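Colleague: What follows is a structure written as structure tokens; I'll ask about it next.
The values are calculated or read from the model by the stated rules, or taken from the named source; none is laboratory data. Given the structure is predicted, the values throughout are model-derived calculations rather than measurements. Here the Cβ positions follow ideal geometry from the backbone for every residue, glycine too, while neighbour counts run over all protein chains shown.
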Amino acid sequence: MRHRVAGRHLGRDTAHRTALYRNLVTDLLRHERITTTEAKAKEIRPMAERIITLGRRGDLHAWRQAAAFLYDTKVVKKVFDEIGPRMKDRPGGYLRITGIEPRKGDGARMASIELMGFVEAAPTPRPQRITASPAVAEPEAPTPRATRTRRAKAAEEAPEAKAEESVPEAVAEEAPAEAETQGDEA
């Protein structure tokens, strides 16, 4: 039974899930903003805030605890030298999760998770829709009825062209001459 077992499984076994969380937290602290699914963002938030709290503490034991969780020692250094002192006056709530539009492929709910003091780049703007101006109208696609009409005309013309090709040259030369003489009599 799963009574009182907290946390999301995300379709992964324990080792895979732990590695995923460590990678996400390491990247979040490296770039200070990442975009991931909403469920993953909500799961890594307490872990990342714990690492930032260790960075605020700043002692050797906190350094070793952060280094045991994060994959990159440069990120550990950044947490203790830049992020920790920057968050010194904040009593908690170091991260912000902002929902963004669903992923196109599978419609998963996406979210951007970032540090509260992140001001280096403006928020990612939503792409603008490009619409054709009313003055420039696109040519209309042929309707099925128009397509059938074109095919019927082509089919009518095709037998005549084939008939002309199959008539020997001598007979074809005589036929126009006869048509001219009949036209003069009338």
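Colleague: What tally of residues in the stretch 1-38 results from selecting those that are within 24 Å of Gly105 (Cβ to Cβ), in contact (Cβ under 8 Å) with a residue 40 or more places away in the chain and among the hydrophobic types (A, V, I, L, M, F, W, C)?
Modeller: Looking only at that region, the number is 2.
Colleague: Also, quick follow-up: Answer yes or no as to whether Thr26 is β-branched (Val, Ile, Thr) and surrounded by 12 or more Cβ atoms within 10 Å (Cβ to Cβ).
Modeller: yes
Colleague: On to the next question. Can you name the condition, by its number, that Ile52 falls short on among (1) surrounded by fewer than 18 Cβ atoms within 10 Å (Cβ to Cβ); (2) out of contact with any Pro (no Cβ under 8 Å at 6 or more places or on another chain)?
Modeller: With respect to (1) surrounded by fewer than 18 Cβ atoms within 10 Å (Cβ to Cβ); (2) out of contact with any Pro (no Cβ under 8 Å at 6 or more places or on another chain), Ile52 is out only on (1).
Colleague: Here is a further query. Quickly run through the stretch 58-68 and pick out the residues that are assigned to a helix (DSSP H, G or I) and either on the phi > 0 side of the Ramachandran plot or surrounded by 14 or more Cβ atoms within 10 Å (Cβ to Cβ) (or both). Before the answer, list the steps.
Modeller: Looking only at the stretch 58-68, we keep the residues that are assigned to a helix (DSSP H, G or I), and these are 60-68.
Passing the criteria: Ala62, Trp63, Gln65, Ala66, Ala67.
Colleague: So which residues in the stretch 37-46 are of a type in the set (A, V, I, L, M) and surrounded by 17 or more Cβ atoms within 10 Å (Cβ to Cβ), if there are any at all?
Modeller: Kept after step one, since they are of a type in the set (A, V, I, L, M), are these residues of the stretch 37-46: 39, 41, 44.
Ala41, Ile44 - these are the residues of the stretch 37-46 that are of a type in the set (A, V, I, L, M) and surrounded by 17 or more Cβ atoms within 10 Å (Cβ to Cβ).
Colleague: Return yes when Pro102 is closer than 26 Å to Pro46 by Cβ, in a loop (DSSP other than H, G, I, E, B), of a type outside the set (A, V, I, L, M, F, W, C) and modelled with pLDDT of 75 or more and no when it is not.
Modeller: Working: closer than 26 Å to Pro46 by Cβ: yes; in a loop (DSSP other than H, G, I, E, B): yes; of a type outside the set (A, V, I, L, M, F, W, C): yes; modelled with pLDDT of 75 or more: yes.
Yes, satisfied.
Colleague: Within the group Pro85, Pro91, which residue is in a loop (DSSP other than H, G, I, E, B), over 28 Å from the mean Cα position of the chain (by Cα) and not aliphatic (A, V, I, L, M)? If you could, list the steps in order and put the result at the bottom.
Modeller: Numbers: Pro85 fails: in a loop (DSSP other than H, G, I, E, B).
Of Pro85, Pro91, the one residue that is in a loop (DSSP other than H, G, I, E, B), over 28 Å from the mean Cα position of the chain (by Cα) and not aliphatic (A, V, I, L, M) is Pro91.
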